[in-house]
2 protein chains.
Amino acid sequence: MSKKLIFGHKNPDTDTIASAIAYSYLKNKLGEETEAVALGEPNGETQFALDYFKVSAPRVVTTVANETNEVILVDHNEKQQSVSDIEEVRVREVIDHHRIANFETADPLYYRAEPVGCTATILNKLYKENGVDIPKDMAGLMLSAIISDSLLFKSPTCTEEDVTAAKELAEIAEVDPEIYGLDMLKAGADLSGKTIEELLSIDSKQFEMGDNLVQVAQINTVDPNELLEQESEIKQVISSIITDKNLNLYVLMITNILTNDSVIMSLGDRVDAVNQAFNVTLENDKVTLPGVVSRKKQIVPQLTDVLA
Amino acid sequence: MSKKLIFGHKNPDTDTIASAIAYSYLKNKLGEETEAVALGEPNGETQFALDYFKVSAPRVVTTVANETNEVILVDHNEKQQSVSDIEEVRVREVIDHHRIANFETADPLYYRAEPVGCTATILNKLYKENGVDIPKDMAGLMLSAIISDSLLFKSPTCTEEDVTAAKELAEIAEVDPEIYGLDMLKAGADLSGKTIEELLSIDSKQFEMGDNLVQVAQINTVDPNELLEQESEIKQVISSIITDKNLNLYVLMITNILTNDSVIMSLGDRVDAVNQAFNVTLENDKVTLPGVVSRKKQIVPQLTDVLA
């Protein structure tokens with residue numbers, strides 16, 4: 001039996017990286033041989049958390065079938081968000097907090113999804129259910145994941161369970177979540193020195209909605225206007241991504257982490273779906289959606305309703 | 001908010017009925033308003049268990065969207081095994097022990113699947129996790145489900161967890177699992193007075209494997225030869241089901257619950273897949289597979305490998 005690889009989605013965010021590491025630690029404690037890997041380098045926010053808690057970034061892989069038959073997915077299930085050769089290996093487990101779509105197995109598996117704000121909140125339960133103590137560094141990473149996914153508990157995806165888990169983990173990690181959290185989010189919102197291509201790939205996910213292929217990217221920032229100074233360059237890059245990937249719709253969320261609003265920039269054949277889903281009219285391919293910060297809860301279901 | 005309906009698959013078996021009832025009991029104890037319903041009448045085995053533990057059979061429904069917006073699935077997830085209007089309601093939870101296929105949601109949900117032999121084994125855990133005591137009648141039904149799905153712990157799908165759960169439940173239910181279990185299985189294997197159409201619909205599930213629509217039915221018996229006296233009539237009925245449902249393959253398992261072997265009878269355009277999957281040659285559309293009792297573990301994955 002080869003070592004099971006544990007990984008999250010492409011364009012990894014803090015929850016994906018932290019949950020792969022924290023679940024691998026738990027599984028290894030339970031006597032299984034696993035390794036956390038990642039489908040890309042950590043972003044600035046995740047690197048801040050890894051550095052703070054002195055944990056190495058997971059090894060980056062582009063394929064897995066060359067080294068294992070069995071994998072465990074965290075923080076995602078949809079094929080197009082996973083490793084390129086996912087169909088060649090057996091998925092033994094999934095720990096996730098997203099909708100289930102474009103996912104299929106030939107055999108029974110362990111699948112644990114809960115409608116909470118963060119995969120790490122579920123992991124916090126799994127540690128308890130299995131009677132394994134959470135060490136300080138793992139607690140720190142799991143707390144970072146919850147802060148990241150919930151935008152410091154302000155996202156509508158954030159549940160009571162996430163807040164409670166974060167409190168428990170902050171105690172073990174010996175940090176003040178508000179102070180540590182804002183520092184971490186700011187590290188992630190530091191966009192300096194990045195090309196537009198890099199900015200758009202920090203946190204970008206693809207979805208199948210009916211017959212439509214839709215990409216939804218999100219950039220967190222403390223100053224949307226600074227980013228919008230490069231509006232025409234951003235649109236050029238988005239247009240070429242649409243052509244390259246044969247997308248029907250591209251939606252970019254530029255999220256202000258201080259005010260919790262998002263500017264939506266959208267291009268593609270099906271921009272009509274954005275107007276219909278949010279009852280707005282894009283002007284110059286843009287519109288501001290007040291109070292919208294969550295791709296999962298405030299963008300994807302609404303677009304799916306229109307397009308699927 | 002309308003009452004959530006909880007139900008298992010079409011052609012309900014003991015696990016599907018028992019798990020719907022036992023999970024509804026648990027959810028109601030936790031303060032949610034739910035009702036267990038069923039997509040068909042209980043079979044002879046299930047009715048034996050319901051009578052023994054003095055529980056009423058769930059109300060039979062053919063659609064759900066006319067009375068609720070929200071449902072909880074137990075013991076299945078594949079659309080074609082579920083209620084006909086499943087796409088019109090929101091699936092809030094799934095508790096299951098099968099592969100995941102042909103299942104998709106627009107929103108996050110609670111999904112708890114484990115690779116154990118029976119849904120009731122997972123429910124036994126959920127009662128504990130939620131700190132709810134299992135009453136005698138619920139324990140009896142859950143025990144019946146485990147005995148049914150594991151053919152009295154002899155199926156290869158049966159895990160250590162199922163055996164342990166059954167022991168705990170038998171104690172609460174105050175029955176000897178071996179004695180009660182054989183009586184229950186025999187009640188299910190009593191095929192007298194049933195038409196061939198009824199026999200074939202006792203426990204029959206449909207699967208999509210690649211582009212193929214495959215129906216796999218199972219009949220438990222203590223005397224396969226008695227059934228095979230009506231071989232030509234059975235084949236006539238199967239042929240008309242294939243035409244009616246546009247099936248590519250029909251597989252009937254006639255399982256001897258005393259010897260734990262199955263006679264496979266198979267018709268349809270893709271019977272070649274049966275020969276290939278089990279490395280056999282059907283003779284007169286039949287072959288005996290020694291030690292094969294589990295559709296889930298010993299039939300479906302093998303056929304899926306060939307057909308998908």
With unit charges on the beta carbons (Lys and Arg positive, Asp and Glu negative) and the dipole taken about the Cα centre of the protein assembly as shown, which residue among B:VAL306, B:ALA170, A:LEU185 sits farthest to the positive side?
B:ALA170
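Return the average number of partner chain Cβ atoms within 10 angstrom of each residue Cβ along peptide A:95-107. List each step's numbers first, then the result.
Values: counts 0, 2, 3, 4, 7, 12, 4, 1, 4, 10, 7, 11, 9.
That average works out to 6.
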Estimated FRET transfer efficiency (A:GLU171, A:GLN276; beta-carbon r; R0 60 Å; 0.05)
0.85
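What ranking of A:ARG59, B:ARG295 comes out by heavy-atom accessible area, probe 1.4 Å, highest first?
Largest to smallest exposure gives the sequence A:ARG59, B:ARG295.
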To the nearest 20 debye, what is the magnitude of the charge dipole of chain A about its Cα centre, counting +1 on the Cβ of each Lys and Arg and -1 on the Cβ of each Asp and Glu?
420 debye
Computing the accessible area with a 1.4 Å probe over protein heavy atoms, can you report the carbon and sulfur percentage for the range B:201-261?
40 percent
Need one number: nm distance between label points at B:GLU67 and B:GLU231, each 7 Å from Cα along Cα→Cβ, rounded to one decimal.
4.5 nm
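Tell me the mean residue ellipticity at 222 nm calculated for chain A from its helices only (DSSP H runs of n ≥ 4, each -39500 (n - 2.57), averaged over every residue, nearest 500). List each step's numbers first, then the result.
Details: 11 runs with 118 residues, N = 308.
Calculated at 222 nm, the ellipticity per residue is -11500 deg cm²/dmol.
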Rounded, prolate or oblate for the protein assembly as shown? Axes are the square roots of the Cα gyration tensor eigenvalues, ordered a ≥ b ≥ c, and the cut-off for rounded is a/c under 1.5.
prolate
So if I take the centroid of the Cα atoms in the range A:137-194 and the same for the range A:1-70, what is the distance between those two points in Å?
19 Å
Show me the GluC sites (Glu not before Pro) within the range A:177-239 that DSSP assigns to loop and that have at most 11 other Cβ atoms within 10 Å of their Cβ.
A:GLU229
Sequence-separation-based contact order of chain A, relative, with Cα cut under 8 Å and 6+ spacing, percent
14 percent
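Starting from the Cα-Cα distance between B:GLU88 and B:GLU33, subtract it from 0.36 nm times their residue separation and give me the gain in nm to one decimal. Working shown, then result.
Details: separation 55, 0.36 × 55 = 19.80 nm, distance 2.00 nm.
Length gained, B:GLU88 through B:GLU33: 17.8 nm.
Which whole number of Å³ per residue matches the convex hull of the alpha-carbon atoms in the range A:196-307? Before the final figure, lay out each step's value.
Values: hull volume 10.0 nm³, N = 112.
Cα-based convex hull of the range A:196-307, divided per residue, equals 89 Å³.
Quick one: accessible area per residue over the protein assembly as shown, 1.4 Å probe, rounded to a whole number of Å²?
Values: 24560 Å² over 616 residues.
Ligands and nucleic acids excluded, the figure is 40 Å² per residue.
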At 1.4 Å probe size, with no ligands or nucleic acids counted, give the accessible surface of B:TYR110 in Å², nearest ten.
40 Å²
Using a Gaussian network for chain A with springs between C-alpha atoms less than 10 Å apart, which of these wobbles most: A:THR105, A:THR119, A:THR62?
A:THR105
Taking R0 as 56 Å, what's the FRET efficiency between B:SER192 and A:SER192 from their Cβ-Cβ distance, rounded to 0.05?
0.10
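For the range B:1-51, give the magnitude of the charge dipole about the Cα centre (Cβ charges: +1 Lys/Arg, -1 Asp/Glu; no others), in debye to the nearest 20.
Working: 5 positive and 8 negative charges, 58 e Å.
Computed about the Cα centre, the dipole is about 280 debye.
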Extreme residue, positive dipole direction of the range A:1-59, given options A:TYR23, A:THR46, A:ASN11 (C-beta unit charges):
A:TYR23
For the range A:1-112, the Cα convex hull volume per residue in Å³ comes to 99 Å³
Shape metrics for chain B, restricted to C-alpha atoms - Rg then Dmax, Å
18.7, 56
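Counting Lys and Arg as +1 and Asp and Glu as -1, each charge on the Cβ, what is the dipole of the protein assembly as shown about the Cα centre in debye, to the nearest 20?
Values: 54 positive and 102 negative charges, 53 e Å.
So the magnitude is around 260 debye.
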Taking the 0 to 90 degree range and rounding to the nearest ten, how far is the long axis of helix B:160-173 tilted relative to the main principal axis of chain B, both from C-alpha atoms?
60 degrees
Surface share of carbon and sulfur [accessible, 1.4 angstrom probe, percent] for the range B:61-165
44 percent
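Chains A and B: what accessible area do they bury, summed, in square angstrom to the nearest 100, with a 1.4 Å probe? Spell out each step's value before the answer.
Values: alone 13290 and 13280 Å², together 24560 Å².
Answer for the A-B pair: about 2000 Å² buried.
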Once the dipole of the range B:196-307 is set up from charges on Cβ (+1 Lys and Arg, -1 Asp and Glu), the residue from the list B:GLN206, B:THR243, B:LEU228 lying farthest towards its positive end is B:GLN206
Which angle from 0 to 90°, rounded to the nearest 10, does the C-alpha axis of helix A:177-189 make with the longest principal axis of chain A?
50 degrees
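The values are calculated or read from the model by the stated rules, or taken from the named source; none is laboratory data. All values derive from a computational prediction rather than experimental measurement. Virtual Cβ from ideal backbone geometry, glycine too; neighbours counted across all protein chains shown. To get the accessible areas, we keep the full protein, side chains included, count just its heavy atoms, and leave off ligands, DNA and RNA. Shrake-Rupley method; radii C 1.70, N 1.55, O 1.52, S 1.80 Å.
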